[in-house]
1. Pick out the one residue from 284, 249 that is more than 16 Å from the ligand (Cβ to nearest atom), within 25 Å of residue 78 (Cβ to Cβ), part of a loop (DSSP other than H, G, I, E, B) and not hydrophobic (A, V, I, L, M, F, W, C).
2. Condition first: modelled with pLDDT of 95 or more, open to solvent by 10 Å² or more (accessible area, probe 1.4 Å), not in a helix (DSSP H, G or I) and not charged (D, E, K, R). Now tell me which residues in segment 197-219 satisfy that.
3. Looking at 275, 295, 321, can you tell me which residue is more than 30 Å from residue 432 (Cα to Cα), surrounded by 19 or more Cβ atoms within 10 Å (Cβ to Cβ) and within 15 Å of the ligand (Cβ to nearest atom)?
4. Just name the residue that is farthest from residue 254 (Cα to Cα) out of those in segment 287-309 that are in a helix (DSSP H, G or I) and among the β-branched types (Val, Ile, Thr).
5. Hey, residue 55 hits all of (1) over 28 Å from residue 191 (Cβ atoms); (2) assigned to a loop (DSSP other than H, G, I, E, B) but one; which does it fall short on?
6. With the condition kept exactly as written, say whether any residue in segment 172-181 is touching a Leu at 6+ places or on another chain (Cβ under 6 Å), open to solvent by less than 50 Å² (accessible area, probe 1.4 Å), modelled with pLDDT of 95 or more and hydrophobic (A, V, I, L, M, F, W, C).
7. When residue 465 is evaluated against the numbered criteria (1) more than 30 Å from residue 1 (Cα to Cα); (2) open to solvent by 10 Å² or more (accessible area, probe 1.4 Å), which criterion, by number, is the only one it fails?
8. Could you look through segment 344-392, keep only residues that are assigned to a strand (DSSP E or B) and open to solvent by 20 Å² or more (accessible area, probe 1.4 Å), and pick out the one that is nearest to the ligand (Cβ to nearest atom)?
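The values are calculated or read from the model by the stated rules, or taken from the named source; none is laboratory data. Just so it is clear, the model here is predicted, and its values are computed rather than measured. Backbone-built Cβ (ideal geometry, glycine too); neighbour counts: all protein chains shown. Protein only, heavy atoms only, side chains kept; ligands, DNA and RNA dropped before computing areas. Shrake-Rupley method; radii C 1.70, N 1.55, O 1.52, S 1.80 Å.
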Amino acid sequence: MRIVHLTSELSPLAKVGGLGDVVSGLSKALLKKGEAIEVILPFYDTIEATLIESFIKVDDLSIDGKEAEIWQGKSDHIPVTLIAPLSDHFKRETIYGEKDDAERFTLFCKFALAYLVKVGTPIAILNLHDWLTSFAAPLAREIYPNLSIGGIVTTLHNLCYQGVCKPDKVLPAGFPKCPFLFDTAKPKYLNLLKGGITYADLLTTVSPTYAQEIQREWGCGLEGLLKSRSEKLVGILNGIDEEIWDPTSDPYLKLLMPEDRRSVHAAKKGNRAALSAQVGIKLSEKPLFTCITRLVEQKGPELILAGIEHVLENGGQFILLGSSSEKKLKKKFDALAEKYEESPDAHFHFVFDEPLAHLTYAAADFILVPSLFEPCGLTQMLALRYGTIPLVHSVGGLADTIVDGENGLSFNSPTAAELERTIDRAFQLFRTEKHEEMIQKGMGMDWSWEKSAEIYLHLYRKASLSTPA
Ligand code: ADP
């Protein structure tokens with residue numbers, strides 16, 4: 001089956017959060033099953049071309065007086081097509097967060113579809129991801145009806161971001177102004193995600209619980225629309241890339257974990273020594289807590305701040321890996337970092353740092369995931385694989401993956417008091433027999449993409465049946 005993903009992220013070429021991991025993990029699993037996969041993404045200036053095997057320019061495209069180059073190669077075995085507009089839209093230092101994001105990513109969708117039309121090979125499934133590539137759904141059906149697509153699948157990774165924007169510079173001339181492309185609260189503005197949801201033949205989201213929540217309280221205004229399409233909406237838990245996240249072979253670890261998971265503690269100790277030296281905290285026997293996250297409202301920043309203080313006041317150590325683009329929030333974390341500047345037990349790391357994340361998962365004892373809502377969440381699964389116990393707010397994918405007292409500790413309402421109580425439980429659990437049991441159980445769980453990819457494939461087949469390609 002020919003499956004084409006249009007995406008704004010693909011690990012390791014362009015990754016901001018879980019989306020990049022999901023597209024690469026799912027694509028690799030589907031390739032292993034013998035499917036024909038192509039991933040199309042923008043050629044950001046930040047992409048390291050050396051990571052792409054046999055990378056060459058294959059074509060030039062021109063639409064509405066704008067030009068782009070088409071590049072192809074293989075990233076970690078995945079066939080990739082990179083679209084490089086000659087304009088400055090992707091010649092920036094960041095992937096998102098630009099004022100003209102809506103224009104940038106709709107331009108990408110336009111070029112991507114024009115390229116697919118030019119190639120002309122029928123597509124069984126066109127899988128779009130979030131608002132960033134959602135515009136390709138109305139575009140394909142309204143402007144390119146002759147492009148043979150069996151089914152359009154829109155995957156909802158996070159309803160919070162919908163691409164609400166002014167129509168000028170986005171809608172091509174003559175594009176039908178269908179009411180369902182426009183935002184309900186701001187009717188003069190487009191809502192790109194709404195278009196992606198309305199035109200899709202199948203909607204997937206990244207955990208079964210989130211699939212329910214977005215039809216109720218976490219649909220960010222699209223609850224009604226999603227409810228009306230509920231028979232097309234399926235929640236499939238994300239997997240993790242078990243080759244990249246393998247504690248028995250991870251090149252970023254100082255000490256690898258044994259296959260039989262017996263001397264996990266010795267490995268943790270060795271990694272902790274390396275981590276402590278690297279970030280400049282004191283090597284100690286205290287429980288080490290961490291939080292590895294984007295610092296945005298969704299992730300419960302107020303709870304993270306309270307949690308860090310609670311851990312430090314009660315005799316633990318804390319390492320925060322928090323990538324941040326929101327100035328207001330960053331200020332609060334800066335203030336806390338300053339307060340603990342002299343502390344031998346705390347380290348604040350405010351950049352996205354993949355190698356450090358690997359080492360921290362391997363060295364820590366506990367990880368905080370107090371998200372207000374969480375579509376799936378990868379950090380809790382990665383942590384479990386490295387013998388680190390998650391403390392989670394039981395919502396979305398966190399509720400689907402963490403069972404209190406079995407592989408983690410969970411709480412039901414996102415308040416500082418509840419989180420602090422859960423941290424107290426972690427202190428009590430630390431180095432007990434029960435703790436060991438939970439580590440063993442967590443490390444043995446199967447989060448591979450294999451199972452989830454099978455479900456995607458089954459649904460893809462159904463979605464493409466109407467007009468098989
Ligand atoms: P989201 O996609 O909402 O950001 P997920 O839990 O699904 O959250 O995925 C987060 C991914 O990004 C994980 O792989 C995590 O390890 C990684 N990550 C988040 N923040 C950082 C950081 N500051 N440094 C390194 N990796 C990070």
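1. Of 284, 249, the one residue that is more than 16 Å from the ligand (Cβ to nearest atom), within 25 Å of residue 78 (Cβ to Cβ), part of a loop (DSSP other than H, G, I, E, B) and not hydrophobic (A, V, I, L, M, F, W, C) is 249.
2. Across segment 197-219, the qualifying residues are 202, 215.
3. It is 295.
4. Looking at the filtered set, the residue picked out is 304.
5. Going through (1) over 28 Å from residue 191 (Cβ atoms); (2) assigned to a loop (DSSP other than H, G, I, E, B) one by one, residue 55 breaks only (2).
6. no
7. (1)
8. 349
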